[in-house]
Amino acid sequence: MKGKLEPSERQKLIEEGKNLKEGLVTLEEDLLKLTDELQKEAQSIPNMTHPDVPVGGEDASTLRNMVGEPRKFSFPIKDHAQLGKDLDLFDFDAAAEISGSKFYYLKNEAVLLEMGLVNWAVSEVMKRGFTPLTTPEIVRSSVVEKCGFQPRGTNTQVYSIEGGDQCLIGTAEIPLGGIHMDSILLESSLPLKYVAFSHCFRTEAGAAGTATRGLYRVHQFSKVEMFVLCRPEESDSFHQELIEIEESLYSSLGLHFKTLDMASEDLGAPAYRKFDVEAWMPGLERYGEISSASNCTDYQSRRLGIRFRPESSSSSPRKGKGNSAPTQFVHTLNATACAVPRMIICLLENYQQEDGSVIIPEILRPFMGGLHVISYKYK
Amino acid sequence: MKGKLEPSERQKLIEEGKNLKEGLVTLEEDLLKLTDELQKEAQSIPNMTHPDVPVGGEDASTLRKMVGEPRKFSFPIKDHAQLGKDLDLFDFDAAAEVSGSKFYYLKNEAVLLEMGLVNWTVSEVMKRGFTPLTTPEIVRSSVVEKCGFQPRGTNTQVYSIEGGDQCLIGTAEIPLGGIHMDSILLESSLPLKYVAFSHCFRTEAGAAGIATRGLYRVHQFSKVEMFVLCRPEESDSFHQELIEIEESLYSSLGLHFKTLDMASEDLGAPAYRKFDVEAWMPGLERYGEISSASNCTDYQSRRLGIRFRPESSSSSPRKGKGNSAPTQFVHTLNATACAVPRMIICLLENYQQEDGSVIIPEILRPFMGGLHVISYKYK
């Protein structure tokens, strides 16, 4: 309205304009606040679940695969903690003094076993087209959250660093998820397959119960982790590929194990579907989890902002112009190739001999300088 | 005085007794407070210094040994950060997003290089009679202090964990010193020689200046550390042994380096004498520290409470009776066998070729699956 206005009418409109401006500021603040709350609520919604996943608690998990059978021993056997003591492989007592319970030193051949397991696992997974990495073990807490973990929850598994917003990683999955944070990947670069070696730190707050002696549940351990970023339609098949790699690794070590399709209550927030491998630990007289393979579909990628641009099917070769399809979120998967302490338990307990020594599986020997057997040391 | 007392006199004595008791409590509190203060003051006194140590600042350090000479290049050379970029060996940018500056991912052959360096170093040092170990990387802050570090000082190098008195180690020297904390060792068990592989975490607060690009100064790295506990009269000769092991390792890698006898101002509180090795880094156009070997005499053992009982020279074979000599403090020494990022800098910069590839030193190849050269990857 560009005509001349009466002064009073003009003043009225100016007032109205001012009120609208102030009202706008308040509304914008409200909008920000509500958007944050909405984001927070949305983030607490767990992922969808694969239709084949059994519904229920731990007992509802179904068996996918069973490999080997429990070894029959002709002599009374020891658990790994006793073997470790007799063969001078661990020190829990000194570690309890300097660090607290659930910490340990590895000694002598156990060190060679850790290095051999890591080297072997990394080289085996590299053969299958995975890019090897080492990762930061201190990360921003926001990255931890975006992967689906709760750094500040009660009974959190996450150690926080004083004086800032940094945390220790509980698994390399976190820094691996973070690599392509807030990125748009080319479809042609997918899938991205990483294998990472890192140390992992877990508070194990609230962890009670069986098998707390020895290496079964510890605050710090070495792990080789596999991580895949792929197109949504491929995540089911990559989930198969990951579990097959794990089963192949554990078979080559001669372990007896079962693969479970975990029931819905065990999935945690990020997982669409989860396969766990439990290996037979004769000294502990039970099956113990040695790995986990999860398909997180787009749960993590939504939070981490990892997208890809599908190549448009039109034949136009114009790069970078507005001819491209809208971006989509990638799917992410993660799987344990080798969690060293659980593997040490399996190898010590399964390969123990009547004379108290432990045989090294053939496949590991080249990675341990040819060592065949761990035997008593004479002092 | 057991005779009968007058009631008033008795009352007086009872009063006096009460006053004495109360006075005693106050005095005992004062004693405790003063003992703590005395302990604190005493702890801040640095170690003695070896008479041969040059007096003064950095410039006063003297040259003990020079091995090799700078390689002459017939082409323009790159620094390790550029080589890492061109050969897809590191990612600093993603790490800056996920964790912050001075963090990094190692990729591809750099991972094999780290694993190869660690495996080779541990096996070489084991051949010289050192017991291999892995250590906790989270320790009580009291142990950090007893080793001579200041977890709570301004510009502290030490990361603290929230919610307790735990810290991250900046070197395996700390958990190694802690193994025999508050112990009395048999003289016959000395020397104790350990070689430990661990990750190390340093805040690098207050670290400014040159060479902050790339791997030279980072918050997290892998290190192989040597640690010796011995009788006091042997520490000088073990200091020689440690520096000779280091020089032998770096020579086998074909590095050009110099060994320095560090001047008094550079010793820090615990060291009686310190030898640093600085290797030639052609891309950085300077010598850079790759290791440090310190003789801490009894500085750490006094604080950690590590003693030994000298075997008595009398011919009496009575075990465990009061015939033993009084205990003495052991001497402790620590030396870097391999600090991985600095070694990666040296190897990349010294072994680069005109075509941009990097040759792997022969001695490492068996530990890297036979890999000869790091070359361009075609994508």
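For residue A:4, the lysines whose Cα comes closer than 16 Å to its Cα, not counting residues fewer than 8 places off in the same chain, are A:12. Listed from fewest to most Cβ neighbours within 10 Å, the set A:233, A:285 follows the order A:233, A:285. The H on the amide N of residue A:90, modeled in the peptide plane, is under 5 Å from the matching H of A:107, each at least 5 residues off or on a different chain. Couplings for region A:327-333, taken from phi via the Karplus curve 6.51 cos²θ - 1.76 cosθ + 1.60 with θ = phi - 60°, read 6, 10, 7, 6, 9, 10, 9 Hz in order; Gly and Pro are left as x. For region A:298-303, backbone phi angles converted through the Karplus equation (6.51, -1.76, 1.60; θ = phi - 60°) give residue-by-residue couplings of 9, 4, 6, 5, 4, 6 Hz, Gly and Pro being listed as x. The amide H of residue B:203, built 1.01 Å from its N in the peptide plane, has B:158, B:159 as neighbours under 5 Å, considering only residues 5 or more places off or on other chains. Calculated [222 nm] ellipticity per residue, helices only, for chain B: -9500 deg cm²/dmol; basis is -39500 (n - 2.57) per DSSP H run with n ≥ 4, divided by all residues, nearest 500.
What is the sum of charges, Lys and Arg at +1 and Asp and Glu at -1, for the other residues whose Cβ falls under 12 Å from the Cβ of residue A:35? The partial results should precede the final answer.
Numbers: positive: A:33, A:40; negative: A:28, A:29, A:30, A:36, A:37, A:41.
In short, -4.
Put in order of Cβ neighbour count within 10 Å, fewest first, the listed residues A:167, B:147 become B:147, A:167. Quick check on my link table: of A:258/B:193; A:107/B:377; A:223/B:85, which ones sit more than 31 Å apart, alpha carbon to alpha carbon? Exceeds cut-off: A:258/B:193; A:107/B:377. Residues in region B:91-102 carry Karplus couplings, in order, of 9, 8, 5, 4, 5, 5, 5, 6, 10, x, 6, 6 Hz; the curve used is 6.51 cos²θ - 1.76 cosθ + 1.60 with θ = phi - 60°, and Gly or Pro positions show x.
Magnitude of the Cβ-charge dipole of chain A, K/R +1 and D/E -1, about the Cα centre, nearest 20 debye?
Working: 41 positive and 53 negative charges, 221 e Å.
For this selection, approximately 1060 debye.
Efficiency by 1/(1 + (r/R0)^6): what FRET value for residue B:365 and residue A:269, r their Cβ-Cβ distance, R0 = 35 Å, to the nearest 0.05? Spell out each step's value before the answer.
Working: r = 45 Å, r/R0 = 1.30.
Once the sixth-power term is evaluated, E becomes 0.15.
Amide hydrogen proximity for residue A:256: with H placed 1.01 Å from N in the peptide plane, the residues at 5 or more positions away or on another chain lying under 5 Å are A:280. Taking the number of Cβ atoms within 10 Å of each Cβ as an exposure proxy, the fewest-first ranking of A:48, B:126, B:368 is A:48, B:126, B:368. Put the Cα centre of region A:126-172 next to the Cα centre of region A:265-285 and the gap is 20 Å.
Since every read-out is calculated from the coordinates, none of them should be taken as a lab result. Just so we're clear, the structure is a prediction, and the values are computed from it rather than from any experiment. Cβ coordinates were reconstructed from backbone atoms using ideal geometry, including for glycine residues, and neighbour counts include every protein chain displayed.
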